[in-house]
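Okay, so here's the structure we're looking at.
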Amino acid sequence: MKKPNIAILGATGVVGREITKITDELKIDFGEIKFLSSAKSAGTKYDFQGRTYIVEEAKPESFDNVNIVLASAGASTSQKFAPEIVKRGGVLIDNSSAFRMEKDVPLVIAGVNDSDLKSHKGIIANPNCSTSQLMLVLKPLHDKAKIKRLIVSTYQAVSGAGLAAINELSENTKASLAKQEFQNKCFKKPIAFNVIPQIDVFCENGYAKEEMKVVNETKKILHLPEDLPISCTAARVPVFNGHSEAVDIEFEKSISPDEVREILKNAYGVKVIDNPENYEYPTTCDASGVNPVFAGRIRKNLAFENGISLWCVADNLRIGAALNTVRICQKVIEWHLY
Ligand SMILES: NC(=O)c1ccc[n+]([C@@H]2O[C@H](COP(=O)([O-])OP(=O)(O)OC[C@H]3O[C@@H](n4cnc5c(N)ncnc54)[C@H](OP(=O)(O)O)[C@@H]3O)[C@@H](O)[C@H]2O)c1
């Protein structure tokens, strides 16, 4: 079969740059590649695999003869270009929230529900970053003991909100230390030396949209019943990169912390660091820039019957977005789904 032509849409963004890097790391075997952005970055030089490319402004014609589009350019951009991509026979692997909950769109974490890819109709969605890292940890535990109830609290890095947010944490920190005035733009409150209990807008039920993404996407990916109780609280913390999550799980069957440790030690994409007496537990500094989801602080939960509590940390730009996108692309190529 002919090697696929690939386009990276949103190539100049935080996630797009990471997708480009990982496309090289995972040795994706493509025919041609192009890098697309908005008019703002069009014309800039982009180095990849020893060649210099020119970033092009994304237009419908940009997708002529493109087989696979790896998109991280926001929901409205994906909505605008998805019909153009599909009409031309391309497959869109999308990082935005635009299509995640659509019935005909598989929502996939590579290594968790790959077989859902086979039902795609031109669009494949990549889950939200906080859901993504959680799935690699929960799937093998769910297979063993069946999740009955789930409570997640997230501590999310600013890189999850894009390049402008990373710059805002830098500038806000410098201004605070210099005791200067600072006008926050990306966040509703100052992010330096602060924790903000809001990610995305609030829904009618009082949960923030980010929190409902964790609830709904988890059910879709793990094929859980609609009425299974899941709750999430998402907070933005002044960390540049790497999301942390405190996870409390009630299982139908009894499962011990030692069993959980053993299962996770052998799980795809997961690394266990769990020796608290020696101060060994995962932190964002362990996770930033590398591929595994780290799990630790595994213990019996005192509030639930058959309950386990754990802490998990991952690079939100990698497993939460770019790495999973490229892993999906790898599967799409391997299974000739384009
Ligand atoms: N950051 C994360 O951890 C994360 C995780 C999961 C999903 N996502 C999703 O990934 C997407 C991008 O996030 P990001 O953090 O990489 O944002 P970002 O750093 O702000 O980058 C946005 C990218 O999209 C491009 N773009 C914007 N409007 C466009 C348009 N009308 N046409 C074509 N390209 C356009 C930008 O091009 P210019 O350079 O020309 O502006 C830039 O390349 C969002 O949907 C986000 O929700 C992010």
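Brief remarks follow.
- From ASN278, ASN324, residue being modelled with pLDDT of 95 or more and more than 21 Å from the chain's Cα centre (by Cα): ASN278
- Residue, modelled with the lowest pLDDT, within the range 122-167, restricted to residues that are surrounded by fewer than 24 Cβ atoms within 10 Å (Cβ to Cβ) and small (Gly, Ala, Ser): GLY162
- Here ARG100 meets the list (1) farther than 24 Å from LYS3 by Cα; (2) touching a helix residue (DSSP H, G or I) at 6+ places or on another chain (Cβ under 9 Å); (3) more than 12 Å from the ligand (Cβ to nearest atom); (4) not polar (S, T, N, Q) almost entirely, failing just condition (3).
- Figure legend. Inter-residue proximity from the range 119-138: first residues at positive phi, second residues part of a helix (DSSP H, G or I), beta-carbon distance below 8 Å, spacing 6+ or different chains. Indicated pairs: GLY122/ALA82; GLY122/ILE85; GLY122/VAL86.
- Among (1) part of a helix (DSSP H, G or I); (2) out of contact with any Lys or Arg (no Cβ under 8 Å at 6 or more places or on another chain); (3) among the hydroxyl-bearing types (Ser, Thr, Tyr) - the single one THR131 does not satisfy: (2)
- Among residues of the range 82-95 being of a type outside the set (Val, Ile, Thr) and crowded, with 23+ Cβ neighbours inside 10 Å, the one that is nearest to the ligand (Cβ to nearest atom) is ASN95.
- Restricting attention to the range 85-95, the residues being part of a loop (DSSP other than H, G, I, E, B) and within 20 Å of SER119 (Cβ to Cβ) number 3.
- Whenever a residue of the range 96-116 is outside the structural domain of GLY162 (by TED's automatic domain parsing), its partners that are within 12 Å of the ligand (Cβ to nearest atom) and basic (Lys, Arg), lying with C-beta atoms within less than 9 angstrom and at least six residues away or across chains, give the pairs SER97/LYS209; SER97/LYS213; ARG100/LYS213; MET101/LYS213; LEU107/ARG100.
- Scanning the range 287-295 turns up no residue that is touching a residue at least 60 places away in the same chain (Cβ under 8 Å), more than 16 Å from the ligand (Cβ to nearest atom), over 23 Å from the mean Cα position of the chain (by Cα) and more than 16 Å from GLY160 (Cα to Cα).
- Looking only at residues in the range 137-179 that are in a loop (DSSP other than H, G, I, E, B) and within 16 Å of the ligand (Cβ to nearest atom), the one that is farthest from TYR207 (Cα to Cα) is GLY162.
For (1) within 19 Å of the chain's Cα centre (by Cα); (2) closer than 19 Å to GLY320 by Cβ; (3) surrounded by 12 or more Cβ atoms within 10 Å (Cβ to Cβ), each residue gets a yes or a no:
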{"position": "LEU169", "(1), (2), (3)": "no, yes, yes"}
{"position": "GLU181", "(1), (2), (3)": "no, no, no"}
{"position": "ILE191", "(1), (2), (3)": "no, yes, yes"}
{"position": "GLU204", "(1), (2), (3)": "no, no, no"}
{"position": "GLU210", "(1), (2), (3)": "yes, yes, yes"}
{"position": "SER231", "(1), (2), (3)": "yes, no, yes"}
{"position": "SER244", "(1), (2), (3)": "yes, yes, yes"}
{"position": "PRO257", "(1), (2), (3)": "no, no, yes"}
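- Taken as a whole, the condition of being more than 11 Å from the ligand (Cβ to nearest atom) and under 19 Å from ILE8 (Cβ atoms) does not apply to TYR46.
- First in the range 147-164 and assigned by TED's automatic domain parsing to the domain that holds THR218, second anywhere and away from the ligand (no atom under 16 Å from the Cβ) and of a type in the set (S, T, N, Q), Cβ under 8 Å, 6 or more apart: LYS148/ASN306; LEU150/SER231; ILE151/SER231; VAL152/SER231; VAL152/THR233; SER153/THR233; THR154/THR233
- Odd one out for VAL14 among (1) surrounded by 20 or more Cβ atoms within 10 Å (Cβ to Cβ); (2) more than 7 Å from the ligand (Cβ to nearest atom); (3) of a type in the set (A, V, I, L, M): (2)
- Scanning the range 96-116 for residues that are surrounded by fewer than 17 Cβ atoms within 10 Å (Cβ to Cβ) and polar (S, T, N, Q) yields a count of 1.
- Residues of the range 1-30 that are part of a helix (DSSP H, G or I) and either basic (Lys, Arg) or farther than 21 Å from LYS331 by Cβ (or both): VAL14, ARG17, LYS21.
- Conditions (1) more than 16 Å from the ligand (Cβ to nearest atom); (2) closer than 20 Å to ALA246 by Cβ; (3) of a type in the set (D, E, K, R): number failed by ASP116: (2)
- Criterion violated by SER97 - all others in (1) closer than 19 Å to ARG327 by Cα; (2) at pLDDT 95 or above satisfied: (2)
The values are calculated or read from the model by the stated rules, or taken from the named source; none is laboratory data. The model shown is predicted, which means the values in this text are computed figures rather than measured ones. Cβ: placed from backbone, ideal geometry, glycine included. Neighbour counts: every protein chain shown.
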